[in-house]
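To start, the structure under review is shown below, and the notes come after it.
The values are calculated or read from the model by the stated rules, or taken from the named source; none is laboratory data. What you are looking at is a predicted structure, and each value in this text was computed from that prediction instead of being measured. Glycine also receives a Cβ, built like all others from the backbone with ideal geometry; neighbour counts cover every protein chain displayed.
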Amino acid sequence: MEKKIIGALLFVFLVFGSSGCTRPLSSPTAQTQLTTISSSNEISQDELSNNLSRPSSVQEAQAVPILYYHSVMQENENELRMPPEQFEAQMAYLQDKGYQSVSLEQLYQALYKGGTLPAKPFVITFDDGYADNYTTAFPILTKHGFTATIFMVTSYINGKGFMSSKQLKELVANGWEIEGHTTNHPYLTKIDSPTLLSELNSSKEQLEKELGQPVNFFAYPYGDLNANVVQALKESGYRMALTTERGWADVKADAWHVRRVYCYASMGMDEFSRRMQNPNY
Ligand SMILES: [Zn+2]
């Protein structure tokens, strides 16, 4: 009985719902990626057994939320600093719901190279490299079995309020990723080409040398980008870049415009859980 209803709904959806789909999955490559990634997401057995042609609701399952934070610290009226108790509550919520954190490397492989992900994947990122990422967020994440990615501004390393080289090495040893966020945190569309390339290259090289692992991923400072910046990233050897645009990372978007889920101090648990449930919140 239940199967029949779901089947009928699926039929209605396929017939009437697909006309609004602006990006049909027609190429063999897209279909292959869909199969690989969707098998690890929330799809009922009914949907799998009715897998003649997938409805667009299943396409959304190819999306993965990438949370982004800056600092985890109590400071009133500063939305970039997430109070530690609230951060703890968010992580407890995710663990309780069965989410598993994945690295950007895993995500990149899954979105663009046919790799697989756990059933309820998400990514945690921190921008700039605040010291509290190590002193406060690291123990909380370890307690809940999660790892994260830091987008480190290299000129901030060892600076007041930011992480030291030693702390970054310890995070790497614990499965965290340290990725590119420039040397000086400029607006990348407002600097000349040589400076742009230097900002991307020197920071990448410094992190790779100090931490002994490749730096393949990047987050745009202030979310500021254009075609020149993307071109410079490609020339510098990066493989994927994250924006500050709202929404989940999505297989349909290219690797240079990956969206993230902004987490801010006053959001509250209702808004947090809403953003974890809707790829286009
Ligand atoms: Zn930043």
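Among residues of the stretch 204-216 that are basic (Lys, Arg), those with a beta-carbon under 7 Å from a residue that is modelled with pLDDT of 95 or more and surrounded by 18 or more Cβ atoms within 10 Å (Cβ to Cβ) at least six positions away or on a different chain give the pairs Lys204/Gly180; Lys204/Val215; Lys204/Ser236. Residue count for the stretch 219-268 under the criterion of being modelled with pLDDT under 95 and assigned to a helix (DSSP H, G or I): the result is 1. Filtered by the rule that a residue be more than 15 Å from the ligand (Cβ to nearest atom) and under 20 Å from Val72 (Cβ atoms), the stretch 170-195 gives Glu170, Leu171, Val172, Asn174, Gly175, Trp176, Glu177. Within the stretch 69-104, the set of residues being more than 18 Å from the chain's Cα centre (by Cα), assigned to a helix (DSSP H, G or I) and among the aliphatic types (A, V, I, L, M) comprises Ala89, Ala92. Scan the stretch 129-175 residue by residue and report those that are aliphatic (A, V, I, L, M) and out of contact with any strand residue (DSSP E or B) (no Cβ under 8 Å at 6 or more places or on another chain). Listed by number, the residues that qualify are Ile157, Ala173. The condition (being away from the ligand (no atom under 16 Å from the Cβ) and either polar (S, T, N, Q) or in contact with an Asp or Glu (Cβ under 6 Å, 6 or more places away or on another chain) (or both)) is satisfied by just one residue among Ser198, Ser155: Ser198.
Quick grid of which residues meet (1) away from the ligand (no atom under 16 Å from the Cβ); (2) under 16 Å from Ile178 (Cβ atoms):
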site: Leu207; (1), (2): no, yes
site: Glu210; (1), (2): yes, yes
site: Gln213; (1), (2): yes, yes
site: Tyr222; (1), (2): no, no
site: Asn226; (1), (2): yes, no
site: Ala232; (1), (2): yes, no
site: Arg239; (1), (2): yes, yes
site: Leu242; (1), (2): no, yes
site: Arg246; (1), (2): yes, no
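If you go through the stretch 64-80 and pick out every residue that is surrounded by fewer than 20 Cβ atoms within 10 Å (Cβ to Cβ) and within 15 Å of the ligand (Cβ to nearest atom), you end up with 3. Any residue at all in the stretch 125-139 that's more than 16 Å from the ligand (Cβ to nearest atom) and assigned to a loop (DSSP other than H, G, I, E, B)? No, the stretch 125-139 contains no residue that is more than 16 Å from the ligand (Cβ to nearest atom) and assigned to a loop (DSSP other than H, G, I, E, B). Right, Ser101: assigned by TED's automatic domain parsing to the domain that holds Tyr262 and surrounded by fewer than 22 Cβ atoms within 10 Å (Cβ to Cβ) or not? So Ser101 fails the test. When Phe272 is tested against (1) in contact (Cβ under 8 Å) with a residue 40 or more places away in the chain; (2) within 25 Å of Gln74 (Cα to Cα); (3) surrounded by fewer than 17 Cβ atoms within 10 Å (Cβ to Cβ); (4) of a type outside the set (Val, Ile, Thr), only condition (3) is not met.
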